[in-house]
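The values are calculated or read from the model by the stated rules, or taken from the named source; none is laboratory data. Model, not experiment: these values are computed from the prediction. A quick note on method: Cβ atoms are made from the backbone with ideal geometry, for glycine too, and the neighbour counts reach across all protein chains shown. Heads up: the accessible areas ignore ligands, DNA and RNA and are worked out on the full protein's heavy atoms, side chains in. Shrake-Rupley method; radii C 1.70, N 1.55, O 1.52, S 1.80 Å.
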There are 2 protein chains.
Amino acid sequence: MSEVVTKASAAKEAAAVLNRLTTEEKNEALLLMADALIVEQDRILAANEEDLVRGRELGTSSSLLDRLKLTPARLADIADAVKQIVDLPDPVGDVLETIHRPNGLFIEKKRVPLGVIGMIYEARPNVTVDAATLCLKTGNSVVLRGGSAAISSNRSIVSVLREALSRSAIPADALQLIEDSNRSSVDEMLKLNGLLDVIIPRGGASLIQNVVQNATVPVIETGAGICHTYVDDSADYSMAESIALNAKVQRPSVCNSMETLLLHETFARKYLNAIADKFQEAQVELRGSGIARDIVPWMNTVSDEDYATEYNDYILNIKVVKDLDEALNHIHRFGTKHSECIVTETDAHAERFLQEVDAAAVYHNASTRFTDGFEFGFGAEIGISTQKLHARGPMGLPALTSTKYRVVGSGQIRS
Amino acid sequence: MSEVVTKASAAKEAAAVLNRLTTEEKNEALLLMADALIVEQDRILAANEEDLVRGRELGTSSSLLDRLKLTPARLADIADAVKQIVDLPDPVGDVLETIHRPNGLFIEKKRVPLGVIGMIYEARPNVTVDAATLCLKTGNSVVLRGGSAAISSNRSIVSVLREALSRSAIPADALQLIEDSNRSSVDEMLKLNGLLDVIIPRGGASLIQNVVQNATVPVIETGAGICHTYVDDSADYSMAESIALNAKVQRPSVCNSMETLLLHETFARKYLNAIADKFQEAQVELRGSGIARDIVPWMNTVSDEDYATEYNDYILNIKVVKDLDEALNHIHRFGTKHSECIVTETDAHAERFLQEVDAAAVYHNASTRFTDGFEFGFGAEIGISTQKLHARGPMGLPALTSTKYRVVGSGQIRS
């Protein structure tokens, strides 16, 4: 048996045990994991140093190396995040519906773990801890396949966490790390129906597309966000400026940041110059055409390809539209159904936008940067789903559960 | 553009219109559809006759021909079923969560249509009406791809229904039938990410496996059921007999019927002879081994392959187990996570079974035949999901919806 099959099979066996544990037993295990990250930090930091040395040799960029790097302070933050997960309510066992049938059958729809979750992700080693603890908290086994850049860190972290589990009610086999860094181990996971119940990819567009295109195991797609902010003619200028700047520059590298600013023509003729200056001050490259470039001639020229690109960078397309309909059409054509915003003082326009835009999160007068499990008050986030099945938008703990109908009778048969 | 792309694109455009309609507008359209099935019955019956003639020429079995056949009475039943869907509450627009954040953001999680649903199914033309009306009721466009055996009936029905839609607020393009009966049209649908939001297959194991193995569009898997009934040592004999017989013979051809009866040894030694006689009277072939055949020597011999087969027929495996654990292990190994039953008077055993068996529906003292949207009181059923994501078990109208977060602010930005 391959590493993937061996480890996924062990994870499946462990899931049956995990399914019988109480919330208290799972929380105790999580606390042991959090402590172990601190107690064993020297081992983890030494392993992380191996990744950093290898990364430097390979010429990895300093920003990537920074994301890869662990420090005592960062490990303490990671351990604190585990403790926060302990404090969250356990969704498993929640009764979502109760049905009393005329024939006397009593039916309950109850939350249960999904079973075994496969996580395929890239560099940052904090995701290893985060994914492991979120899955275990919800009674799921987890098979992790991180990026090769972090393999030493991940191996060390998972070894420390499994040692902690071996002192808990959760079987250590509930947590597995695939160490084979060949692409073939990912391909194998994608087809592991019967052993994996779901695969959650986290990473860049190519990683996610590979999973979506090749998995036969059900997938929760996360990620790509080409987000728009539409500023209506009735918008308050200072609110529009503050929301647009925040959506672009507060953290351009993430999926809920803005890529294209749509401005109503009336608004643009009054304020585009001022707002363009603000973006220039913030070091944002602007791209536009037509009326936008008539008003701000120093803008670069935009292409349809630009409208379809998730820059994740200090680049912004600006488009002047003649009305709400043109804005809706642009979003319909180029949006990725992630997060979309309208800034307006006209309630009817806000309502149309919120109703008609097809996206995980639609905003009226607030920055798209709020699409996030913590900002929504979920206390955790396993990712942001951009698909429509199962979970959409920021995913908290309930997204890691399924349901089961429990039917209790007294001899009922069907006639 | 191919037929599939042309029709799916038109369906997607129509979905944007459908998304804005009220429940009343959708219900009016459904009533027009129900009426049209009666008013235009001669056209539909004539087309159905073409399918029947072709079927007879191809040597189709009489049971399949019967499933294919429409009559005025059957059309009246189908039209009545549409009217029942009109009477069901519309889940679209339901608010599932409201969140007030400390920063003043007001977040609502609201049910929305999925968008465009692809249905891939086999012979029976009633599924055409059923799928069309359930999808439209929930604000979804639908692209139907039925089996070639019913192509004339389906073409006629969809033509009649689209004529009805053209007199309603729902665009006729919201309902599409793929007429190309080549397998390539199915393959094309399976990869239509961006135009189809979900594919629901309904039919035999090979149809469903083809969809699951090849789709890149998200799938809701329905279908295969290898269901067990475990009779514990404390079970009431007459209840056990009645539940087991019902689970097997009330309608053996469906997915929630029983394929293997597991009997505690103590129970088997007392009652297996009697229960075997009952199954023999009901024309059920029995297969067993070991103790089961010691007790009932005229049983045929069972193989592991039999345990892994969904007979959908008058064949039953009987296995004697030494305790609940052996029963749970057997179900863990051979079950398809559909419907599983324990008959017992021992509450602790019932609770263990309900908790530990991983299936969409778990039963204590009732027949597995109840796993059905109508029997659960949903008033409709688009299928029975055997996967864990999105929907599990009988799927009513809410399974055909997604959600959207509506976030209303007053200028909030993220810091």
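A simple count of charges around A:A8, restricted to other residues whose Cβ falls under 12 Å of its Cβ and scoring Lys, Arg +1 and Asp, Glu -1, yields -1.
Just to confirm the number: angle between the C-alpha axis of helix A:41-57 and the first principal axis of chain A, 0 to 90 degrees, nearest 10? Helix A:41-57 sits roughly 50 degrees off the main axis of chain A. Projecting the Cα atoms of B:A224, B:V112, A:A244 onto the charge dipole of the protein assembly as shown (Cβ charges, centred on the Cα centre) puts B:A224 farthest toward the positive pole.
Please state the shape class of chain A: rounded when a/c is under 1.5, otherwise prolate if a/b exceeds b/c and oblate if not, all from the C-alpha gyration tensor. Oblate, since a/c reaches 1.5 and b/c is not below a/b. Net charge dipole, chain B: roughly 1240 debye, given to the nearest 20, about the Cα centre with Cβ charges of +1 for Lys and Arg and -1 for Asp and Glu.
The distance separating the Cα centre of segment B:1-61 from that of segment A:259-287 comes to 49 Å. With a simple spin-label model that places each label point 7 Å from the Cα along the Cα-to-Cβ direction, the separation between B:H100 and B:N182 comes to 6.1 nm. The aspartates and glutamates within cross-link reach of B:K137, meaning a Cα-to-Cα straight distance under 12 Å and a gap of 8 or more places when in the same chain, are B:E24, B:E25, B:E28, B:D87, B:D90.
Entry comment: accessible area of segment B:227-370 is 37 Å² per residue, from protein heavy atoms only and a probe of 1.4 Å. Potential lengthening of the chain between B:A169 and B:S63 amounts to 34.2 nm, from the contour at 0.36 nm per residue minus the alpha-carbon distance. Roughly how many percent of the accessible protein surface of the protein assembly as shown is carbon and sulfur, given a 1.4 Å probe and a whole-percent answer? Its accessible area is 49 percent carbon and sulfur atoms. Take each residue in A:214-222, count the other chain C-beta atoms within 10 Å of its C-beta, and the mean is 3. In chain B, the beta-carbon sitting nearest the axis that superposes B on A belongs to the residue given here with its distance in angstrom, B:H390, 2. Using a 7 Å projection from Cα along Cα-to-Cβ, the label point at B:Q213 is separated from the same position in the remaining copies by 2.1 nm, smallest value first.
Send over a whole-number figure in Å² for the accessible area per residue of segment B:147-215, probe 1.4 Å. Display every interim value, and only then the final one.
Working: 2500 Å² over 69 residues.
Roughly 36 Å² per residue, with all protein chains present.
Using only the heavy atoms of the protein chains and a 1.4 Å probe, how would B:E259, B:E351, A:E24, B:E310 rank by accessible area, largest first?
Details: B:E259 0, B:E351 85, A:E24 115, B:E310 55 Å².
Result, largest first: A:E24, B:E351, B:E310, B:E259.
Shielding of A:351-360 by partners, i.e. mean partner chain Cβ atoms within 10 Å per residue? If you can, show how the numbers build up before the last one.
On the way: counts 1, 1, 1, 6, 7, 3, 3, 9, 3, 4.
Average per residue, whole number: 4.
All other residues whose Cβ lies under 10 angstrom from that of B:G203 are scored, Lys and Arg at +1 and Asp and Glu at -1, for a net of +1.
Between B:D294 and A:R43, the C-beta separation translates, for a Förster distance of 56 Å, into a calculated FRET efficiency of about 0.45. Taking every DSSP helix (H) stretch of at least 4 residues in chain A, weighting each as -39,500 (n - 2.57) and dividing the sum by the residue count yields a mean residue ellipticity at 222 nm of -13500 deg cm²/dmol. Over all alpha-carbon pairs in the protein assembly as shown, figure out the percentage whose distance exceeds 39 Å. Within the protein assembly as shown, distances greater than 39 Å cover 44 percent of Cα pairs. Distance from the Cα centroid of segment B:331-364 to that of segment B:87-137 is 30 Å (rounded to whole angstrom). Between chain B and chain A, roughly 6200 Å² of accessible surface gets buried, counting both sides and using a 1.4 Å probe.
Across the identical copies, the label point of A:D323 (7 Å from Cα in the Cβ direction) is separated from its matches by 7.6 nm, in order from shortest. For segment B:161-187, the residues whose amide N sits under 13 Å from a probe point set 7 Å from the Cα of B:E25 along the beta carbon direction are B:168-172. Going down the table (A:K83/B:K109; A:K191/A:K388; A:K12/A:K110), which pairs top 24 Å between alpha carbons? From A:K83/B:K109; A:K191/A:K388; A:K12/A:K110, over 24 Å: A:K83/B:K109. Simple rule: put +1 on each Lys or Arg Cβ and -1 on each Asp or Glu Cβ in segment A:279-415, find the dipole, and look at A:L328, A:F376, A:Y405; the Cα lying farthest toward the positive end is A:Y405. What relative contact order, as a whole-number percentage, does segment B:185-253 give when Cα pairs under 8 Å and 6 or more residues apart are counted? Here the relative contact order equals 27 percent.
Ranked from shortest, the separations from the 7 Å Cα-to-Cβ label point of A:N273 to its equivalents in the other copies are 10.4 nm. Listed by chain and number, the aspartates and glutamates whose C-alpha is less than 16 Å from the C-alpha of B:K270, apart from same-chain residues fewer than 8 away, are B:D232, B:D233, B:D236, B:E241, B:D294, B:D323.
Counting Lys and Arg as +1 and Asp and Glu as -1, what is the net charge of the other residues whose Cβ lies under 12 Å from the Cβ of B:T60? My count for the surroundings of B:T60 gives +1. Overall shape of segment A:153-221 was characterised from the C-alpha gyration tensor. The equivalent ellipsoid obtained from it has semi-axes of 26, 14, 11 Å, in decreasing order.
Got the relative contact order for segment B:227-370 handy, in percent, Cα pairs under 8 Å and 6 or more residues apart? Could the numbers behind the result be given before it?
Values: 272 pairs, mean separation 48.7, N = 144.
Relative contact order, segment B:227-370: 34 percent.
When the convex hull of its Cα atoms is viewed from all sides, segment B:270-409 shows a mean projected area of 11.8 nm².
Listed highest first by mean packing, meaning other Cβ atoms within 10 Å per residue, what order do A:109-117, A:299-307 come in? Mind dumping the intermediate values first?
Values: A:109-117: 23.0, A:299-307: 14.6.
Result, highest mean first: A:109-117, A:299-307.
Take every Cα pair under 8 Å in chain A that's 6+ residues apart, average their separations, divide by the length, and report that relative contact order as a whole percent. Write down the numbers at each step before the final one.
Values: 829 pairs, mean separation 74.3, N = 415.
Reported as a whole number, the value is 18 percent.
Hull surface divided by four, with the convex hull built on the Cα atoms of segment B:334-382: how many nm²?
Values: hull surface 15.5 nm².
Directional mean of the projected Cα hull area for segment B:334-382 stands at 3.9 nm².
With both labels modelled 7 Å from their Cα along Cα-to-Cβ, the A:T301 to B:A73 distance reads 7.3 nm.
Whole-Hz Karplus values for segment B:356-364 come out as 8, 6, 8, 8, 4, 9, 10, 10, 10 Hz, taken residue by residue from phi with 6.51 cos²θ - 1.76 cosθ + 1.60 and θ = phi - 60°; glycine and proline positions read x. Charge dipole (Cα centre; +1 on Lys/Arg Cβ, -1 on Asp/Glu Cβ; no other charges) of the protein assembly as shown amounts to roughly 240 debye.
Highest mobility in the GNM of chain B, judged by mean-square fluctuation with C-alpha springs under 10 Å and restricted to B:D232, B:D197, B:D42, is found for B:D42.
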